[in-house]
Each structure stands twice: as structure tokens, then as C-alpha cells.
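S.K.: Handing you this structure, nothing more for now.
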Amino acid sequence: QVQLVESEGGLVQPGGSLRLSCAASGILFGFYDMGWYRQAPGKQRELVAVIGTGGSTNYADSVKGRVTISRDNTKNTVYLQMNSLKPDDTAVYYCNARRQRLGSNVPYNYWGQGTQVTVSS
């Protein structure tokens, strides 16, 4: 059974920092691209950052320079370090694990339950 368990988010003041973690089980972690997505009220889920199996990273323009994604394959965990947080960063943050399925266009694709991050004074 695949599980992606995010750490607790929380309430952060504007300009503050927060680190999220996501512990994976039930998958060969090192073979998966790992990502963080977020969904704000009334908006679609959007990519925040992704880290490939080789460590390459990609960030949404809205978070570049403020957010760092990293992974520890020995702990089956992916992290999202967020700095200089803004009220617009308020959302439910979801962990994602994805890999291509051999011989198919449908990838393996798993989601965590999500964790609320609220940026407010």
C-alpha cells in the first residue's frame, strides 16, 4: 500500500519560513519524481516544485528564489523549504510521487492527503 504522509503545516506570519516533509512508503522511492503541489480555495491545484530521480529541480515562477525542494533517498522523504512566505502562499499543500509506467502512457501517480499552510498576520 502506497502512503505519502505530509508533515503538519500551520500558521505562519508573512515573511516567515516553514519546512514541509513528506515520507513515502510502499514505493521504490528512488525511482519516482517527487513533487509538491498546492491548492488555494477556489483555485485549481498547481505545481509548486518537483525534483527528479537524479536531483534536477523545477519550480513555479511564483515561488522561485523562495522555495527549495530536496529529497533524501535514504529516508524516503522529500522536503519543501519555504522562505519569505506571502499570504498568496496560503493553500493546502500536497505531496506527489510519479513515475512512468513501462509500456503505458499512464504513469504511476500517488498523492498525499494534504497539509494546510496559512500565511497571515
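The values are calculated or read from the model by the stated rules, or taken from the named source; none is laboratory data. None of these values were measured; they are calculated from a predicted model. So basically every Cβ, Gly included, is an ideal-geometry build from the backbone, and we count neighbours across all protein chains shown. The area values use the complete protein model at the heavy-atom level, side chains included, leaving out ligands, DNA and RNA. Shrake-Rupley method; radii C 1.70, N 1.55, O 1.52, S 1.80 Å.
S.K.: Given 25 °C and 0.890 mPa s, how large is the Stokes-Einstein diffusion coefficient of the range 38-103 in µm²/s, with Rh as the Kirkwood radius over Cα pairs? Before the final figure, lay out each step's value.
M.R.: Values: Rh = 13.2 Å.
D, rounded to a whole number, is 186 µm²/s.
S.K.: Take the alpha carbon gyration tensor of the chain, find the square roots of its eigenvalues, order them as a ≥ b ≥ c, and report rounded if a/c is under 1.5; if not, report prolate when a/b exceeds b/c, else oblate.
M.R.: Judged from the Cα gyration tensor, the chain comes out prolate (a/c at least 1.5, a/b above b/c).
S.K.: For Gly52, what is the net charge nearby, where nearby means another residue's Cβ is under 12 Å from its Cβ and Lys, Arg count +1, Asp, Glu -1?
M.R.: Residues near Gly52 contribute +2 overall.
S.K.: In what sequence, largest accessible area first, do Thr77, Thr118 appear using a 1.4 Å probe?
M.R.: Thr118, Thr77
S.K.: Of the candidates Pro14, Pro107, Pro87, which one comes out as most mobile in a Gaussian network treatment of the chain with C-alpha springs shorter than 10 Å?
M.R.: Per the Cα network of the chain with a 10 Å cutoff, Pro107 tops the list.
S.K.: Of Leu80, Leu102, Leu47, which has the largest mean-square fluctuation in a 10 Å C-alpha GNM of the chain?
M.R.: Of the options given, Leu102 has the highest mean-square fluctuation.
S.K.: Report the label-to-label distance for Tyr108 and Lys86 in nanometres (one decimal), using points 7 Å from each Cα along the Cα→Cβ vector.
M.R.: Computed distance between label sites Tyr108 and Lys86 equals 3.7 nm.
S.K.: Among Ser25, Ser62, Ser17, which one shows the highest mean-square fluctuation when the chain is modelled as a Gaussian network with alpha-carbon springs under 10 Å?
M.R.: Of Ser25, Ser62, Ser17, the most mobile in the Gaussian network model is Ser62.
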